[in-house]
Amino acid sequence: MATLPLPTVLPTLHGRRVLLRAMADDDAAGLHAIYSDPRVMQFTDELPFPDRQSVDIMLASVRRLLAEGTSLEWAIALADTDAIIGTCGLHHFDARQAEAGGLLRHSAWGQGYMRDAMALLMKYAGDVLCLDRLIADVALENERAQRMFKKLGYRKDSSGMLAIALRPRVT
């Protein structure tokens with residue numbers, strides 16, 4: 001459960017190439033394309049979605065967790081077309097830290113979109129939520145994600161997780 005007040009209405013975060021916005025029912029086809037792809041789901045703890053009804057269940061869960069103030073999950077959309085290419089979010093809030101993660105449509109891999117989305121997420125987490133630290137639970141085999149988080153400044157902490165300090169600790 002969150003130990004700090006989180007928004008119950010998801011703000012839209014604007015970047016040059018991507019925007020992070022609330023997921024809508026109209027996004028179901030795009031979300032299904034992402035979550036049903038075995039390549040995208042390979043390093044998650046979930047199986048690829050078998051059908052569109054799975055997206056409806058996911059959307060209901062995303063909305064419930066947002067309303068409860070325990071998880072924030074955005075759609076990643078192209079800034080110029082609003083086409084959905086992925087999702088990202090902040091989860092597992094504990095004191096002044098949270099876990100950051102996301103999924104990106106396979107056709108958008110290697111173009112820097114997830115890095116752009118995570119940079120927006122990091123800025124929001126530090127500047128608005130005033131979090132001190134983000135962690136990323138990335139499978140060692142997921143070399144692309146490992147490289148991306150390291151480019152953003154994440155480093156392995158004492159537990160072996162990738163982490164980044166957003167605000168200097170006051171001693």
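The values are calculated or read from the model by the stated rules, or taken from the named source; none is laboratory data. Keep in mind that what you see is a predicted model, and the values were worked out from it rather than measured. Note that we place each Cβ from the backbone using ideal geometry, even for glycine, and neighbour counts take in every protein chain shown.
Hand me the list of helices (runs of 4 or more DSSP H) wholly inside region 22-105 holding 1 or more residues that are among the small types (Gly, Ala, Ser).
28-35, 52-68
Which pairs do you get when a residue that is closer than 17 Å to Glu143 by Cα, found in region 25-48, comes within reach of a residue that is surrounded by 16 or more Cβ atoms within 10 Å (Cβ to Cβ), reach meaning Cβ atoms under 6 angstrom, with the pair 6+ apart or on two chains?
Matching pairs, first to second residue: Pro38/Pro48; Val40/Ile34; Val40/Leu103; Met41/Pro48.
Taking region 30-45 as the search range and keeping residues that are in contact with a Pro (Cβ under 9 Å, 6 or more places away or on another chain) and surrounded by 13 or more Cβ atoms within 10 Å (Cβ to Cβ), which one is nearest to Ala108 (Cα to Cα)?
Val40
Exactly one condition in (1) over 21 Å from Asp137 (Cα atoms); (2) modelled with pLDDT under 95 is not met by Thr12; state its number.
(2)
Taking Leu47 and the conditions (1) farther than 23 Å from Leu131 by Cα; (2) within 15 Å of the chain's Cα centre (by Cα), which numbered condition does it fall short on, given that it satisfies the others?
That leaves (2) as the condition not met.
Mind checking which residues of region 62-96 are surrounded by fewer than 13 Cβ atoms within 10 Å (Cβ to Cβ), of a type in the set (S, T, N, Q) and within 22 Å of Leu129 (Cα to Cα)?
none
Has region 85-104 got any residue that is within 16 Å of the chain's Cα centre (by Cα), within 21 Å of Asp25 (Cα to Cα) and among the β-branched types (Val, Ile, Thr)?
yes
Inspect all residues belonging to region 134-147 and state whether any of them is among the acidic types (Asp, Glu), part of a loop (DSSP other than H, G, I, E, B) and under 15 Å from the mean Cα position of the chain (by Cα).
There is at least one residue in region 134-147 that is among the acidic types (Asp, Glu), part of a loop (DSSP other than H, G, I, E, B) and under 15 Å from the mean Cα position of the chain (by Cα).
May I ask you to verify whether Gly110 is surrounded by fewer than 21 Cβ atoms within 10 Å (Cβ to Cβ) and not in a helix (DSSP H, G or I)?
Yes.
Using the structure shown, decide if Leu166 is in contact (Cβ under 8 Å) with a residue 60 or more places away in the chain, among the hydrophobic types (A, V, I, L, M, F, W, C) and farther than 20 Å from Glu46 by Cβ. Let's see the steps before the verdict.
Working: in contact (Cβ under 8 Å) with a residue 60 or more places away in the chain: no; among the hydrophobic types (A, V, I, L, M, F, W, C): yes; farther than 20 Å from Glu46 by Cβ: yes.
Judged against the criteria, Leu166 is not a match.
Considering only region 69-88, state which residues are touching a helix residue (DSSP H, G or I) at 6+ places or on another chain (Cβ under 6 Å) and of a type in the set (Asp, Glu).
Correct list: Glu73 only.
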